[in-house]
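Report on one structure; see the data block that follows.
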Amino acid sequence: MSQIRVQKHTARYWTATFDNGPINLMNPATVYELDQLLTSLETDPEVRVIVFDSANPDFFIAHWDVTTPGAVVAGMKTESGTRRGMHPHADVQTRLGRLPVVTIAAIRGRARGAGSEFALACDIRFASRERAVFGQFEVGVGAVAGGGSTAHLPRLLGRGRAFEALLGGDDFPAELAERYGWINRALPDAELDTFVDAFARRIAGYEKEVIVEIKELVNRATLPPDEEFLAALKAFFASTTRPGPGRARLQALLESGLQQDGEVERHLGAHVALISAEKEG
Amino acid sequence: MSQIRVQKHTARYWTATFDNGPINLMNPATVYELDQLLTSLETDPEVRVIVFDSANPDFFIAHWDVTTPGAVVAGMKTESGTRRGMHPHADVQTRLGRLPVVTIAAIRGRARGAGSEFALACDIRFASRERAVFGQFEVGVGAVAGGGSTAHLPRLLGRGRAFEALLGGDDFPAELAERYGWINRALPDAELDTFVDAFARRIAGYEKEVIVEIKELVNRATLPPDEEFLAALKAFFASTTRPGPGRARLQALLESGLQQDGEVERHLGAHVALISAEKEG
Amino acid sequence: MSQIRVQKHTARYWTATFDNGPINLMNPATVYELDQLLTSLETDPEVRVIVFDSANPDFFIAHWDVTTPGAVVAGMKTESGTRRGMHPHADVQTRLGRLPVVTIAAIRGRARGAGSEFALACDIRFASRERAVFGQFEVGVGAVAGGGSTAHLPRLLGRGRAFEALLGGDDFPAELAERYGWINRALPDAELDTFVDAFARRIAGYEKEVIVEIKELVNRATLPPDEEFLAALKAFFASTTRPGPGRARLQALLESGLQQDGEVERHLGAHVALISAEKEG
């Protein structure tokens, strides 16, 4: 795998580190590597817990690479077909919660769009209080978030706060994200790694069968139905193939530095507002 | 409309201001005006976002006018029949979440009973930290809250805190309401208007189709079923037509100044306790 | 009853105090006494509210007595059969939310395992900020929590935080428990009793019918289905009858002082980690 580095601390405790260019964009190749990794996690008899982190302290996963042509995204295929018979991105997102392994996102830097959605599909989210930022900016470029945030955020944040996040498209710093329930906890940056490591190691000591049984019971109460993921993906494709001013705003953001490490990506929520807000009235 | 002033900042961004007497009581006429306004919001091709606020900084909407005869409430009818075939109040409450428009309650002052329920039926709630107060005091006068709080509060606050609010009947100042999830955020009073205006203007810049699609996806996960609204309304009518000490407590509150701007309305949670609590034991 | 002391402040307002040995362990006899008490609450025409507290300020209910043989737990039977036709523990746990009476847990000290689950099955939870501690440590000894926490915690805390609690098995001090929604509020220890007493007395003044109707409406939205309790109990029995290292860890904890008042019971979350965490890697 070229974008995700897997380290096996022990047979039971793994870490997967996203490392893809200057801002950790997600693209079809990321999804194919995740598909492979999830297959390992589904079949390995020993692994109990995996931590997902980032090689870049400023970007956990910036977002989906918006320059990937829509037809390429729509036509994505893994070599062996997908495990659950869905589009590979929905497949990966809906397999995460069902893994016989505990998934922990340890978030430093920005996690927006598909990056936030990847974190939301993990079981547990710990984040750096100083460095983590969350956002579903898609609405700002005329798109519906298609990777599961419309299923997870309403359940984690409640109806009102999910609407604020998904309809506003602004940035949520770690402390606010914690208050809203987007993440489990915001921890001081200097303590994040130690805390997550200790948490993962205690889980690594437990029985795999018990972990599986607990996950099944919690899934009964909280796993969003597949249909919600599929409906969101459909709405994403509909919105991104529709001409309209959102496409023009996306173009303007790209010209101002979207997808590069710099001012626009660091404060994307504010830049979305600058190009979207009505001035008159 | 005589109780609700609508201002169109732009074709896309409207404000509706409640202005009905000294404490903004809600009565059948308020519901009829809301019915009209919602019809405009359902049919206007341009509007993206509407902010609901109050002309009175001490009262957002005090509560339902308890002096309206029960038979009048039960027999309420809009001129053209209701959109969803329900009692006009349930009709308005259940249409709010389905509007092709983002509804934001900007709450200053008291929002109790039907006033709290109106805010709960909006998509997003921002409130003044210093001035907003929430409460479902109905239990204190022997009534079941009938306008949807029994559906929205359990989902927003969780089971335990919803029971505390609905069975206790006490006041929840903005800071506690924020902590419990009753509102999105409590903001400093001096910043509330600027914050809400900026939030509304960024949404006004987005595509209407995308707003509609996002609302539909979030509604799949969180919109309470109609049956819960209808069951609550039925329980409200049953409880308010039943003789009992609750009716006497309501009478005592009216004699002490309920429905006027003064001590009782300003601290209704405490006054409910004074007339209800068992002293012996 | 020998473990639960019931005090009737008035006909409408009762308190039940757990008082069973040095750390308030729960055992089959506790369940039989609860079964009796719930029958009284289900049939008494006057009682509106009951507060559950503990005679021991350091232990609300420590947890289930792990030395009770599994066959005894599996074979538990109340004299008259159970009300809802379930295993007596599931029966008690699922009857709590359906009582025609408001149940309030006033928590001082540790509430872990079945003790936390008892509190979760009550309608409302207030806790001592300085003294209350919550935890589902079962995973640490190779067991699935079987008394309803897998149904209640996901709904109260959300998916991510429920996974953290149930898969981590660590202690949650009152302040964190409040932030996560495990309890309604953490109150200063010196104010807890006064606050709870005032809250109970205001409810005692209300009509029983209205209390019942409100509980029914909130139950529609939030009462977990029976199947989740039964699936958890089944998983508990499966996990505790399976040989494995969890049984050895339980033995080691017993030898270090589990079930006695002392270091292990006071900081059980940390001791679970000490005996479970992988050291290598």
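Data overview
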quantity	calculated
Considering residues of segment C:94-106 that are assigned to a strand (DSSP E or B) and within 12 Å of chain B (Cβ to nearest Cβ) only, the residue farthest from residue C:146 (Cα to Cα)	C:102
Enumeration of residues in segment A:256-274 that are in a helix (DSSP H, G or I), more than 8 Å from chain B (Cβ to nearest Cβ) and either surrounded by 14 or more Cβ atoms within 10 Å (Cβ to Cβ) or in contact with a Leu (Cβ under 9 Å, 6 or more places away or on another chain) (or both)	A:256, A:264, A:265, A:266, A:268, A:269, A:271, A:274
Among (1) more than 16 Å from residue C:94 (Cβ to Cβ); (2) in contact (Cβ under 8 Å) with a residue 40 or more places away in the chain - the single one residue C:123 does not satisfy	(1)
Some residue of segment C:200-210 being out of contact with any Gly (no Cβ under 9 Å at 6 or more places or on another chain), farther than 30 Å from residue A:187 by Cβ and among the β-branched types (Val, Ile, Thr)	no
Which numbered condition residue C:177 misses (of (1) surrounded by fewer than 23 Cβ atoms within 10 Å (Cβ to Cβ); (2) in contact with a strand residue (DSSP E or B) (Cβ under 6 Å, 6 or more places away or on another chain); (3) not acidic (Asp, Glu))	(1)
Filter result for residue B:234 (buried (at least 17 other Cβ atoms within 10 Å of the Cβ), assigned to a helix (DSSP H, G or I) and more than 7 Å from chain A (Cβ to nearest Cβ))	no
Identity of the residue in segment C:36-80, modelled with pLDDT under 95 and hydroxyl-bearing (Ser, Thr, Tyr), that ends up surrounded by the fewest Cβ atoms within 10 Å (Cβ to Cβ)	C:80
When residues of segment A:1-35 are limited to those that are farther than 19 Å from residue A:106 by Cα and of a type in the set (S, T, N, Q), the one modelled with the lowest pLDDT	A:2
Options A:168, A:147: the member that is touching a His at 6+ places or on another chain (Cβ under 9 Å), modelled with pLDDT of 95 or more and not hydrophobic (A, V, I, L, M, F, W, C)	A:147
Selected residue (only one of B:185, B:242 is surrounded by fewer than 22 Cβ atoms within 10 Å (Cβ to Cβ) and either within 14 Å of chain A (Cβ to nearest Cβ) or of a type in the set (A, V, I, L, M, F, W, C) (or both))	B:185
Test set (1) at the interface with another protein chain (Cβ under 7 Å from one of its Cβ atoms); (2) more than 30 Å from residue C:210 (Cβ to Cβ); (3) of a type in the set (Val, Ile, Thr) - residue B:194 fails condition number	(1)
Entirely in segment B:1-62, the strands (runs of 3 or more DSSP E) that have 2 or more residues that are over 21 Å from residue B:80 (Cβ atoms) and in contact with a helix residue (DSSP H, G or I) (Cβ under 6 Å, 6 or more places away or on another chain)	B:49-54, B:59-61
Only listed residue being of a type in the set (Gly, Ala, Ser) and more than 7 Å from chain B (Cβ to nearest Cβ), chosen from A:135, A:142, A:158	A:135
Wholly enclosed helices (runs of 4 or more DSSP H) of segment A:134-220 bearing at least 1 residues closer than 17 Å to residue B:203 by Cα and hydrophobic (A, V, I, L, M, F, W, C)	A:159-168
Cβ pairs under 9 Å, 6+ apart, first in segment A:248-265 and more than 17 Å from residue B:207 (Cα to Cα), second of a type in the set (Lys, Arg)	A:265/A:110; A:265/A:112
Number of the exception - residue B:170 against (1) surrounded by fewer than 24 Cβ atoms within 10 Å (Cβ to Cβ); (2) more than 9 Å from chain C (Cβ to nearest Cβ); (3) not small (Gly, Ala, Ser)	(2)
Of residues in segment A:112-129 being among the aliphatic types (A, V, I, L, M) and within 14 Å of chain C (Cβ to nearest Cβ), the one surrounded by the most Cβ atoms within 10 Å (Cβ to Cβ)	A:127
Restricting segment B:237-255 to residues that are in a helix (DSSP H, G or I) and of a type in the set (Lys, Arg), the residue that is modelled with the lowest pLDDT	B:247
Verdict on residue A:83 being surrounded by fewer than 24 Cβ atoms within 10 Å (Cβ to Cβ), farther than 27 Å from residue B:212 by Cβ and either of a type outside the set (Gly, Ala, Ser) or at pLDDT below 95 (or both)	yes
Residue list for segment C:256-278, filter: in contact with a strand residue (DSSP E or B) (Cβ under 8 Å, 6 or more places away or on another chain) and either small (Gly, Ala, Ser) or at pLDDT 95 or above (or both)	C:261, C:265, C:266, C:267, C:268, C:269, C:270
Check on residue C:100, more than 26 Å from residue C:235 (Cβ to Cβ) and surrounded by fewer than 20 Cβ atoms within 10 Å (Cβ to Cβ)	yes
Odd one out for residue C:211 among (1) farther than 30 Å from residue B:236 by Cα; (2) within 9 Å of chain B (Cβ to nearest Cβ)	(1)
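The values are calculated or read from the model by the stated rules, or taken from the named source; none is laboratory data. This structure is a prediction, so every number in the text was calculated from the model and none was measured. Neighbour counts are summed over all protein chains in view; Cβ atoms, including those assigned to glycine, are modelled from backbone coordinates with ideal geometry.
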